[in-house]
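Worksheet: the structure to be examined is printed underneath.
The values are calculated or read from the model by the stated rules, or taken from the named source; none is laboratory data. Just so we're clear, the structure is a prediction, and the values are computed from it rather than from any experiment. With ideal geometry, Cβ positions are generated from the backbone for all residues, glycine too; neighbour counts draw on all protein chains shown. In case anyone asks, the SASA skips ligands and DNA or RNA and just uses the protein heavy atoms, side chains included. Shrake-Rupley method; radii C 1.70, N 1.55, O 1.52, S 1.80 Å.
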Amino acid sequence: MTQDNNKEAPLGAQALFRGLAVIDAVSQGADSLAAIGSAIGCTRSTTHRLVAALVQADYLRSEAQGYRLGPRLIELGYKARAEMPLIKLARPHLQRLADLTQDTIHLGVRESGDVLYIDKLSSTRGLEMRSRIGLRMPLALTGIGKSLMLDLPAADWQTLYEEGLQRRAGQSGLREEFTPWQDYHAQMAEYAAGGFSFDLEENELGVRCVAAPVRDTGGEIIAALSVASAIPYMPESRLEELRPVVIRCAADVSAELGWRGR
């Protein structure tokens, strides 16, 4: 959110929008007054006043390394997450899946071109992945994101695929070459027909996952869940073995939301 986006708003609302833009900038990695000011399109003095007020209210904290999200936001984040009925309904099913597989379990929803992870149960194998609750990743680069894309037209698949490629450019810890579009399109068509999706190290090197969509009472995909693990525990044969298990778990969560199948 930049200065141009809200300059026509009343002064009180403008200050609010700018304060929210500061919080968003810090959440995206801006950690200095210069970086925050550049992100929100404000002068250094205006940025300093906004940041100082947010620090005073505990929405931000100032550390030697720069500005970070504050304890008040963490508190509100946990409250917001606890109030999401989807998490409450899904958690018993995710826990059973975690107990069965011993692998990392994710639950995610779509936020524009991203998957937003809203729940995670860590593996009991002693493995830890970079995923975390609140993390956003490009839809097209993750197994769980692909499941959120299954009902979209192929043109949208390609748009999200191209956006994902742009965002992964230069990142470390990824496959050197991403799946070519024609192969990706064929995979997505197979996934859409089968009601599942795979992540074959596209999001994190050495990690594979199998995912499936969660539907609401009208059949719309509103979330997706996945089982993920390192390659030694997730050969392609196990991906296939887990596929019906994950689909069934997603169907059970969907049933909690009123979906009765096609």
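Before moving on, here are some points about what is shown:
- Charge tally around residue 32: other residues with Cβ under 15 Å, Lys/Arg +1 each, Asp/Glu -1 each, net +1.
- Within-12-Å neighbourhood charge of residue 232 [Cβ basis; K, R +1; D, E -1]: +2
- Helix 236-256 axis, angle to the chain major axis (alpha carbon atoms, nearest 10°): 70
- The helix-based estimate of mean residue ellipticity at 222 nm for the chain, built from -39,500 (n - 2.57) per DSSP H run of four or more residues and divided by its residue count, is -15500 deg cm²/dmol to the nearest 500.
- 3J(HN,Hα) along the range 90-107: 7, 3, x, 6, 5, 5, 5, 5, 5, 5, 6, 9, 6, 9, 6, 10, 10, 10 Hz, from the Karplus curve 6.51 cos²θ - 1.76 cosθ + 1.60 with θ = phi - 60°, whole Hz, x for Gly and Pro.
- Relative contact order (%) - criterion: Cα under 8 Å, at least six apart; region: the range 163-262: 24
- Close amide-amide hydrogen proximity is noted between residue 135 and 117, each under 5 Å apart and 5 or more residues distant or on a separate chain (H modeled in the peptide plane; Pro and chain starts excluded).
- Among the protein heavy atoms of the chain, carbon and sulfur supply 52% of the accessible surface, probe 1.4 Å, non-protein parts ignored.
- Proximal charge balance of residue 114 [Cβ under 11 Å; K/R count +1, D/E count -1]: +1
- Only Cα pairs under 8 Å and 6+ residues apart enter the sum, and on that basis the relative contact order of the chain stands at 14 percent.
- Under a 5 Å amide H cut-off, with hydrogens placed 1.01 Å from N, residue 60 pairs with 55, 70 among residues at least 5 apart or on other chains.
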